[in-house]
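For reference, the structure is listed below as structure tokens.
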Amino acid sequence: MRRKEIFVLADRCMGCHSCELACATAHTSDRNLHAAVLRGERPFAYLWVDRFGTQNLPTVCRHCLKAPCVEACPTGAMHKRPDTTTVCDHSQCIGCWMCTFACPFGACSRGDGQVLKCDRACLDEEGVPACVRACPTGALLWMTVEEFAAERRKPKRRAAAVAG
């Protein structure tokens, strides 16, 4: 089975941060943002929307097959699960942040002394990540590399000229 990835179509991102909110909600104890805040839980997003000039760009972990963050981690806290997802075992993390230095995508950050990065723990009953489902413009896609490449090769549809 081919591994699915989150792909970003930067030209579609309007910077609404819906993906961040959905991610933070998915990482609360009961997937309910309001209840989590009321009980004092501090939800964090595991991806970020950054602005580069006039362009918004979601930054999400690429779960590299040979992950620099895993190689840089001195304790083994950052590791690969059998499904090749890169995750952090917070009980082993010493907060040295070597993973943040090593990640070429800036996908590792910190919150309350722990590493924050996409862990794919947010998949819904259909196996779709919360950020992808929440994106109103379709800037985030959940598909295999082969599916994405095939989609990108399709000719762009041109708007029909409207006769005046």
For segment 5-14: of the residues being closer than 20 Å to residue 64 by Cβ and touching a Pro at 6+ places or on another chain (Cβ under 9 Å), which is surrounded by the fewest Cβ atoms within 10 Å (Cβ to Cβ)?
10
Out of (1) under 22 Å from residue 42 (Cα atoms); (2) outside the structural domain of residue 24 (by TED's automatic domain parsing); (3) outside any loop (DSSP other than H, G, I, E, B), the one residue 101 does not meet is (1)
When every residue in segment 86-133 that is small (Gly, Ala, Ser) and in contact with a Cys (Cβ under 7 Å, 6 or more places away or on another chain) is compared, the one surrounded by the most Cβ atoms within 10 Å (Cβ to Cβ) is 130
Filtering segment 78-91 for residues that are at pLDDT 95 or above and more than 24 Å from residue 20 (Cβ to Cβ) leaves a count of 2
Here the qualifying pairs (Cβ atoms under 7 Å; residues six or more apart or on different chains; first in segment 137-158 and among the hydroxyl-bearing types (Ser, Thr, Tyr); second in a helix (DSSP H, G or I) and surrounded by 11 or more Cβ atoms within 10 Å (Cβ to Cβ)) come out as 137/12
Count, please, the residues in segment 93-126 that happen to be touching a strand residue (DSSP E or B) at 6+ places or on another chain (Cβ under 9 Å), modelled with pLDDT under 95 and farther than 25 Å from residue 56 by Cβ.
4
Elements of type strands (runs of 3 or more DSSP E) contained in segment 107-159, each with 2 or more residues being closer than 30 Å to residue 95 by Cβ:
109-111, 114-116
Only one of 42, 133 is in the same structural domain as residue 14 (by TED's automatic domain parsing) and more than 29 Å from residue 2 (Cβ to Cβ); which?
42
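The values are calculated or read from the model by the stated rules, or taken from the named source; none is laboratory data. Keep in mind that this is a model prediction, so the values were computed, not measured. Here Cβ is always computed from backbone atoms with ideal geometry, including for glycine, and neighbour counts include all displayed protein chains.
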